[in-house]
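The values are calculated or read from the model by the stated rules, or taken from the named source; none is laboratory data. Note that the structure is a prediction, hence the values are computed from the model and not measured. So basically every Cβ, Gly included, is an ideal-geometry build from the backbone, and we count neighbours across all protein chains shown. Protein only, heavy atoms only, side chains kept; ligands, DNA and RNA dropped before computing areas. Shrake-Rupley method; radii C 1.70, N 1.55, O 1.52, S 1.80 Å.
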Amino acid sequence: MSTLQPVRGTHDLLPDEMRAFRHVVETGRTTASRYGFDEMATPIFEFSGVFARTLGDTSDIVTKEMYTFADRKGESITLRPEGTAGVARAFISNGLGNDLPFKVFYSGPMFRYERPQKGRQRQFHQIGVELIGVPDPQADVEVIALGRHILDSLGLKGNVTLEINTLGDTESREAYRGALVNYLSGHIGLLSADSRDRLERNPLRILDSKDEGDRAVIANAPLLGEYLNPASRTFYDDLKNGLMDLGLDFVENPRLVRGLDYYGHTAFEFTTDALGAQGTVMAGGRYDGLIKTMGGGATPGVGWAAGVERLSMLLAEPPATTRPVAMIPAGADPMIKREAMILTERLRRAGFAVDLGFSGNMGKRMKRANKVSARVAVIFGEDERLARAVTLRDLDSGEQATVALDRMEDTVRAMLAGTAEVAIGGI
RNA sequence: GCGGGUGUAGCUCAGUUGGUUAGAGCGCCAGUUUGUGGUACUGGAUGUCGUCGGUUCGAUUCCGAUCACUCGCCCCA
């Protein structure tokens, strides 16, 4: 183990891992575009206020997890801990409120100063979508359907369950918060230290506690559902009906809450039991108050974010590498080496991925061709050079034939398509 | 931030009840095969035994600290 370590909670994405990672992001991007979401990107750092104000003063993200520093001018800068605040800021900065709905997909690194665990790094990556400007729960349904579609396309191993809940509108939530605090205060002696602390900061979070004593108290706590006003109830019913219309299975989880203050109404998570404690793979909700809080016009929004590392770990099988064509120069004549390079470039210009080993005799080069899982070998030695031809070998079947140089590209193409008659009569 | 576990070759791991040359499998390199790969056989290279310090005649082994990873909590994607 080297002493040259990367910073805690960061790690390198080596090619194998990167391939899985990119597959997740590309699946997200192409699926999102089918739902009318265009890609955008915001800076990976913002003025600290963008996050501090919008995420809520009490969230852990703000209080202890942000990578915040002063730049050379003394401005407080923060590496983004999540994507929604930046998109909302961009929405306001660029005056996009006149062309609604605004539907975007994004991907990129996020940063949180947390204790690393599997599926939880300090620099991690998310894909996410935001649908801004639609107050109707149809928007929530579309966003959730897109999420499920991506997860399905990824063919994840293990079950990924959709859990939903409603946080109600502000009025309902405030009424409930009062009732909940009132109830919990009556049992404060039974609550864990963590939860006693949360009673002040974020009482809804106590519903989510894993502490056994807490759970006993929570079992008899009032439910948010009992405090929903008619508008909030209708919203939630419309959401559930919309999901059912599309055949999207879900489980209602009345204890599902959000860590970030700007959420209201819909909250949802896609979870798996295959990742231990880090089982949430995609999560989101509705944030009708966010943009106004940030200084824009009152504009509703709904969206989700998903952890790319977590999704890559769930991929049933890693995406295949492209099988290249292997160029095999054979023989000592320097002209062979030079012409092989020219032929390699010709094939690449014709659209093929070509592997050209830089050294070794023919046997060694063939081994290499096998190692890079080449499908076709293009053998070019003294005989071929004099005959102005190449020998094309199908590395799966072992059949090979020699064809004139001007037929090289077409024949390779036919072989890769599986339509080649390899007995392509001599030269 | 709190509590537990782990750290030996590129990878997965064995081992040393404190003693001089630290092992296996896989992978890698070479050869059997100077124009033909995958299989097989033969040979080879690679370790500051995570780091720093302490105890000791002697530490990879014991102790402490530290760093990283890991499991749970917190929180969250």
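Details
- Residue list for the range A:1-33, restricted to those being without any contact (Cβ under 8 Å) to a residue 60 or more places away in the chain and either under 30 Å from A:GLU75 (Cα atoms) or loosely packed, with under 14 Cβ neighbours inside 10 Å (or both): A:MET1, A:SER2, A:THR3, A:LEU4, A:GLN5, A:PRO6, A:ASP12, A:LEU14, A:PRO15, A:MET18, A:GLU26, A:THR30
- Residue ID - nearest to RNA strand B (Cβ to nearest atom), chosen from residues in the range A:69-93 that are of a type in the set (Ser, Thr, Tyr) and either part of a helix (DSSP H, G or I) or at pLDDT below 90 (or both): A:THR84
- Summed over the range A:76-114, the residues that are open to solvent by 50 Å² or more (accessible area, probe 1.4 Å), in contact (Cβ under 8 Å) with a residue 60 or more places away in the chain and of a type in the set (D, E, K, R) give a count of 1.
- Scanning the range A:223-270 for residues that are touching an Asp or Glu at 6+ places or on another chain (Cβ under 9 Å), over 24 Å from A:LYS292 (Cα atoms), crowded, with 19+ Cβ neighbours inside 10 Å and among the hydrophobic types (A, V, I, L, M, F, W, C) returns A:LEU243, A:LEU256, A:PHE270.
- Test: residue in the range A:131-152 that is within 14 Å of RNA strand B (Cβ to nearest atom), over 30 Å from A:PHE21 (Cα atoms) and in a helix (DSSP H, G or I): no
- Selected residue (criterion: farthest from RNA strand B (Cβ to nearest atom)) from residues of the range A:94-130 that are acidic (Asp, Glu) and closer than 28 Å to A:GLY36 by Cα: A:ASP99
- A:ARG177 basic (Lys, Arg), modelled with pLDDT under 85 and in a helix (DSSP H, G or I): no
- A:HIS125 being within 15 Å of the chain's Cα centre (by Cα), open to solvent by 40 Å² or more (accessible area, probe 1.4 Å) and assigned by TED's automatic domain parsing to the domain that holds A:MET282: no
- For the criterion of being open to solvent by 40 Å² or more (accessible area, probe 1.4 Å) and within 15 Å of RNA strand B (Cβ to nearest atom), A:ARG198 passes.
- Inter-residue pairs, beta-carbon under 7 Å, first open to solvent by 10 Å² or more (accessible area, probe 1.4 Å) and in the range A:290-313, second among the hydrophobic types (A, V, I, L, M, F, W, C) and part of a strand (DSSP E or B), 6+ apart: A:THR299/A:ILE132; A:ALA305/A:ALA283; A:GLY307/A:PHE124; A:GLY307/A:VAL281; A:GLU309/A:PHE124; A:ARG310/A:VAL281
- Residue check, A:ARG173 open to solvent by 20 Å² or more (accessible area, probe 1.4 Å), under 29 Å from A:GLY276 (Cα atoms), more than 13 Å from RNA strand B (Cβ to nearest atom) and in contact with a Leu (Cβ under 6 Å, 6 or more places away or on another chain): no
- Residue in the range A:212-234 that is under 28 Å from A:ALA52 (Cβ atoms), modelled with pLDDT under 85 and within 16 Å of RNA strand B (Cβ to nearest atom) present: no
- Restricted to the range A:180-191, and to residues there that are surrounded by fewer than 17 Cβ atoms within 10 Å (Cβ to Cβ) and either at pLDDT below 80 or assigned to a helix (DSSP H, G or I) (or both), the residue that is farthest from RNA strand B (Cβ to nearest atom) is A:ASN182.
- Subset of the range A:369-390 [open to solvent by 50 Å² or more (accessible area, probe 1.4 Å), assigned to a helix (DSSP H, G or I) and over 15 Å from A:GLY331 (Cβ atoms)]: A:ASN370, A:LYS371
- Residue list for the range A:152-170, restricted to those being open to solvent by 50 Å² or more (accessible area, probe 1.4 Å) and within 16 Å of A:LEU256 (Cβ to Cβ): A:THR161
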